[in-house]
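The values are calculated or read from the model by the stated rules, or taken from the named source; none is laboratory data. These numbers were taken from a predicted model, which means no experiment stands behind them. Methodologically, a virtual Cβ is constructed for each residue, glycine included, from the backbone with ideal geometry; neighbour enumeration extends over all protein chains shown. Protein only, heavy atoms only, side chains kept; ligands, DNA and RNA dropped before computing areas. Shrake-Rupley method; radii C 1.70, N 1.55, O 1.52, S 1.80 Å.
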Amino acid sequence: KSHTLNNLFFGGHEVFATSSSQKPGTVGMWIAFDPISNTLVIDTEGLLGVSGNLNRRTRLLLKILALSDVAMYRTRAERLHNDMFGFLSDASNVYCQHFADDLKNVLEKHSIDVPISKLGPKVIIFHETQFTETLHSNLDQVMTDDEKESGVEGAAEAEITARFAALGDYPKAFSKIRYLGIKSGNKPTDFAYIREETIAELNSHHIRNKKSLNVIMESLQVLNSKISN
């Protein structure tokens, strides 16, 4: 994750620490500001972290999802596994049940009127494979000409939605889910396409505007209080 964020926002410079050892380079939460894209970037320990307190790590991830305008789920696997769908569904349920009303109140204090359905972050699923075709490629083989004209991303999202439905739970908390897939083979990851699409999502105001820093800070205080209680 840290390597990905360094390449997406900081030209490959090691702003977020990375590690080639078994010990992870990221423990907890680290934040850096990218002045070029005007983005506050948060790097986290992640689901596969080594800290002993799983509940603490889960609470941290839920908190970051609740704060974010755009959240990226990064997976390097030949296929999308059910663990990802389960985590996003669980996170969505917690968000709706425990965080949404309080976060909406924060926005309303700043005269920002956003419906609950658009309050949560956009989620980008960044799926990198080595040999298996990505969801884009698989869909391209079966789509009609009319469907291709509507955009392969929309078809990929439809496939993601079908996977959630098959597992019995769609994550309603997220304002949008976007799939970005690349097949790297034996080459290093080419971040150009992912960078372009991620920045486009950050700059899009189609769903809602970005949160200001004071709204982020107040939201963090509310979440800390909520989780502590």
Fill in: Single residue of Thr129, Thr75 found to be within 15 Å of the chain's Cα centre (by Cα), closer than 22 Å to Leu5 by Cα and not hydrophobic (A, V, I, L, M, F, W, C)
Thr75
Response to the item:
Gly168: passes all of (1) among the small types (Gly, Ala, Ser); (2) modelled with pLDDT under 80; (3) within 22 Å of Ser117 (Cα to Cα); (4) open to solvent by 50 Å² or more (accessible area, probe 1.4 Å) but (2)
Worksheet, complete the sentence: Filtering region 74-97 down to residues that are open to solvent by less than 20 Å² (accessible area, probe 1.4 Å) and of a type in the set (Phe, Trp, Tyr) yields Phe85, Tyr95
Worksheet, complete the sentence: Per the list (1) modelled with pLDDT of 90 or more; (2) more than 23 Å from Leu135 (Cα to Cα), residue check on His81 breaks on (2)
Fill in: Top-ranked residue of region 110-128 - restricted to ones that are assigned to a loop (DSSP other than H, G, I, E, B) and either open to solvent by 60 Å² or more (accessible area, probe 1.4 Å) or modelled with pLDDT under 85 (or both), ranked as nearest to Gly181 (Cα to Cα)
Leu119
Item to complete: Mind telling me which of the residues Ala71, Ala100 ends up being on the phi < 0 side of the Ramachandran plot, modelled with pLDDT of 90 or more and surrounded by 13 or more Cβ atoms within 10 Å (Cβ to Cβ)?
Response: Ala71
Practice prompt. Go through region 172-206 and give me each residue that's assigned to a helix (DSSP H, G or I) and either open to solvent by less than 30 Å² (accessible area, probe 1.4 Å) or in contact with a helix residue (DSSP H, G or I) (Cβ under 6 Å, 6 or more places away or on another chain) (or both).
Written response: Ile194, Arg195, Thr198, Glu201, Leu202
Discussion item. Out of Asn229, Asn209, I need the residue that is open to solvent by 60 Å² or more (accessible area, probe 1.4 Å), under 17 Å from Thr39 (Cα atoms) and at pLDDT below 90. Which one?
Written reply: Asn209
Fill in: Pairs where the first residue, in region 93-109, is part of a helix (DSSP H, G or I) and the second is of a type in the set (Ser, Thr, Tyr) and open to solvent by less than 10 Å² (accessible area, probe 1.4 Å), C-beta under 6 Å, 6+ apart
Leu103/Ser219; Val106/Ser219
